[in-house]
Amino acid sequence: MSKELMQEKITKAQKEIEAKKDMIKMGRMRQHYHFMAQTGWLNDPNGLIYYKGKYHFFFQYNPYYGFWDYMHWGHAVSGDLVHWEYLPLALAPSEEYDDHMRGGCFSGSAIEHDGKLFLMYTGTTHNGQGYEQTQCIAYSEDGIHFEKYAGNPVLTAPEGVAKEHFRDPKVWKHEDTYYMVCGASREGRAQALLYRSKDMLHWNFFNVMAESRGEWGFMWECTDFYPLGEKYVLMFSPMGSGEHTAIYQVGDFDYGTGRFYAHISGEIDWGFDYYAPQSFQAPDGRRLIVGWANEWEWMPLWKDWGPTYREGWCGFFNIPREVRMMEDGSLQFLPAAEFQTIRKNPEQADMILVSEEEKELAAGDGVSFELKFKIDLEETDARSVELSLRSGEGKRTVCLFDFKTAEFRVDRNESDGWSRGISRSVMYLKGKKELDVHIFSDQSSLEIFTDRYQNNHSNNIFASDSQNRLWIRAYGGKAVVKEYESWGLGECFA
Ligand code: FRU
């Protein structure tokens, strides 16, 4: 019965997608190589998994229009993480516990169990007494068609936890036991709750894995947990923690007690548009993460979701990043190597002398490109280096590397007549001989990696095609740029 109900909702949504997708594909703000949905609204990455020879991305999805509402799970598969094939929606709101216009099938994760693909997600509903969130299960034999478990919900909020803040289960297996961490809010403080199960269906509370003492907000969205080398990593997107959007902590974990002891906290990304990252493991063992390229309206630096709703869509993922650990235990986030396969039209220079006079740089068509270089700090005496990206028609996005204040900024106040704000972070320059810079530009976004991939800014901008020029200059002296390399990046959503 319930199976048919969900199928009806999925069929209805698929019809809508079929009717609109060709039109939406023509939108001039559509990305060339960042993952997007075919129509409508996309937010968090969900259920990321390598399963039976393919990468599966699921995503928070409203197929009907370019705003958040009525959450479904979209679904796509890929052999290479770069080119994607869309599959029918995996989940649609259909049951008492997940069928609400301002609710639905919220974020969650995927795992293989018993030869099937299992999804664990948050059902969000409202029965007249506030929003209620519970954890639910769905499974599939073929990895395409899913069925909700008749025993749903498998978990309700424990005593003392706000029932509207109990969500985003992330599941993994250790030895013969399944574990799940989810975000919760207890007495105004954020917590990561840990549960255990032997069969993926019956779950028991284990411990409060980690919690905010106020410094990390009142609720953690999209908690994630995984081993890295000898250590463990906890990631979360905090609500009520100022400008922070995506945090990682590195520490030790004890499977005997279910407690995580954090030694280090850091920022996964300093930009305006990096939220709710989820991790998964590639078949070669790499730990990859994918984040949603936007932020919520409750965040202090939020402007809006951008103008793409006019084209009937909104939302994309930032490119997958590989997580690596430095010797001191802090983390680096490197663009996944797979994106090297779409490089074309290479440009290269061993050395570029940069002065106060603007110099033009070449990179692909100036819209969809990748750019890498190093600033030689020993040979540079300038106070700062400025890079103008997506320049033209009197507009540009300015990246400023200020060596005096050790600040890196990305200014989008002149980007496109729409976007606003300056994202800022501190560069770690002490004892460094060079500063590495790596940029991914797509139709509607810029991802900038610097400082050994520890200092990253993802910002959406909605520049026109004629904003396709790239300039560099120095202030207060000269700068030496070396190992300059750039490429155009190919179309993955043709
Ligand atoms: C994070 C989030 C999740 C929730 C989902 C709803 O961006 O708010 O906590 O499950 O989005 O779409």
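The values are calculated or read from the model by the stated rules, or taken from the named source; none is laboratory data. Worth saying up front: this structure is predicted, and the values here are computed from it rather than measured. Ideal geometry is used to build each Cβ from the backbone, glycine not excepted, and the neighbour counts take in all protein chains shown. For accessibility, only protein heavy atoms count, side chains too; no ligands or nucleic acids. Shrake-Rupley method; radii C 1.70, N 1.55, O 1.52, S 1.80 Å.
One line per residue, one yes/no per condition, for (1) more than 14 Å from the ligand (Cβ to nearest atom); (2) out of contact with any Lys or Arg (no Cβ under 8 Å at 6 or more places or on another chain); (3) among the hydroxyl-bearing types (Ser, Thr, Tyr):
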position: 82; (1), (2), (3): yes, yes, no
position: 87; (1), (2), (3): yes, yes, no
position: 107; (1), (2), (3): no, no, yes
position: 114; (1), (2), (3): yes, yes, no
position: 133; (1), (2), (3): no, no, no
position: 148; (1), (2), (3): yes, no, no
position: 182; (1), (2), (3): no, no, no
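Restricting to segment 244-260, and then to whatever is away from the ligand (no atom under 16 Å from the Cβ) and hydrophobic (A, V, I, L, M, F, W, C), can you tell me which residue is nearest to residue 421 (Cα to Cα)?
Residue satisfying both the conditions and the ranking: 250.
Tell me, which residue of segment 186-207 that is in contact (Cβ under 8 Å) with a residue 40 or more places away in the chain, open to solvent by less than 50 Å² (accessible area, probe 1.4 Å) and not in a loop (DSSP other than H, G, I, E, B) is farthest from residue 120 (Cα to Cα)?
Looking at residues that are in contact (Cβ under 8 Å) with a residue 40 or more places away in the chain, open to solvent by less than 50 Å² (accessible area, probe 1.4 Å) and not in a loop (DSSP other than H, G, I, E, B), I get 190.
Which ones in segment 214-224 are open to solvent by 10 Å² or more (accessible area, probe 1.4 Å) and either within 16 Å of the ligand (Cβ to nearest atom) or modelled with pLDDT of 95 or more (or both)?
Correct list: 216, 218, 221, 222.
Going through 43, 62 one at a time, which residue ends up being touching a residue at least 60 places away in the same chain (Cβ under 8 Å), among the polar types (S, T, N, Q) and out of contact with any helix residue (DSSP H, G or I) (no Cβ under 6 Å at 6 or more places or on another chain)?
Going through 43, 62 in turn, just one is touching a residue at least 60 places away in the same chain (Cβ under 8 Å), among the polar types (S, T, N, Q) and out of contact with any helix residue (DSSP H, G or I) (no Cβ under 6 Å at 6 or more places or on another chain): 43.
For segment 287-300, what are the residues that are open to solvent by 40 Å² or more (accessible area, probe 1.4 Å) and over 24 Å from residue 31 (Cα atoms)?
Result: 298, 300.
Just give me the residues in segment 280-316 being within 12 Å of the ligand (Cβ to nearest atom) and in a strand (DSSP E or B), in sequence order.
Result: 291, 292.
Does segment 334-351 contain any residue that is more than 22 Å from the chain's Cα centre (by Cα), closer than 30 Å to residue 474 by Cβ and without any contact (Cβ under 8 Å) to a residue 24 or more places away in the chain?
No, segment 334-351 has no match at all.
Out of curiosity, is residue 142 free of Cβ contacts under 8 Å to residues at least 60 places away in the same chain, touching a helix residue (DSSP H, G or I) at 6+ places or on another chain (Cβ under 9 Å) and of a type outside the set (Lys, Arg)?
no
Please tell me if residue 242 is open to solvent by 10 Å² or more (accessible area, probe 1.4 Å), more than 17 Å from residue 35 (Cα to Cα) and at pLDDT below 95.
yes
Of all the residues that make up segment 317-354, how many are surrounded by 14 or more Cβ atoms within 10 Å (Cβ to Cβ) and either more than 30 Å from residue 37 (Cβ to Cβ) or among the β-branched types (Val, Ile, Thr) (or both)?
Number satisfying all stated conditions: 10.
Tell me, which strands (runs of 3 or more DSSP E) wholly within segment 428-494 include 3 or more residues that are within 16 Å of the chain's Cα centre (by Cα), closer than 14 Å to residue 335 by Cβ and among the hydrophobic types (A, V, I, L, M, F, W, C)?
In segment 428-494, 445-450 are the strands (runs of 3 or more DSSP E) which contain 3 or more residues that are within 16 Å of the chain's Cα centre (by Cα), closer than 14 Å to residue 335 by Cβ and among the hydrophobic types (A, V, I, L, M, F, W, C).
Out of all the residues in segment 429-444, which are closer than 16 Å to residue 398 by Cβ and either open to solvent by 10 Å² or more (accessible area, probe 1.4 Å) or of a type in the set (Ser, Thr, Tyr) (or both)?
Passing the criteria: only 441.
Quick check on segment 261-279: of everything there that is open to solvent by less than 10 Å² (accessible area, probe 1.4 Å) and either assigned to a loop (DSSP other than H, G, I, E, B) or of a type in the set (Phe, Trp, Tyr) (or both), which residue is nearest to the ligand (Cβ to nearest atom)?
Step by step, filter segment 261-279, then rank; the result is 275.
Scan segment 1-39 for residues that are hydroxyl-bearing (Ser, Thr, Tyr) and either in contact (Cβ under 8 Å) with a residue 24 or more places away in the chain or over 17 Å from residue 147 (Cα atoms) (or both) and jot them down.
2, 33, 39
Just to be sure I understand the filter: pairs with C-beta atoms under 6 Å, separated by 6 or more residues or on different chains, first member in segment 229-241 and within 13 Å of the ligand (Cβ to nearest atom), second member acidic (Asp, Glu) and open to solvent by 10 Å² or more (accessible area, probe 1.4 Å). Which pairs pass?
Taking only residues 6 or more apart or on different chains, the pairs are 237/221.
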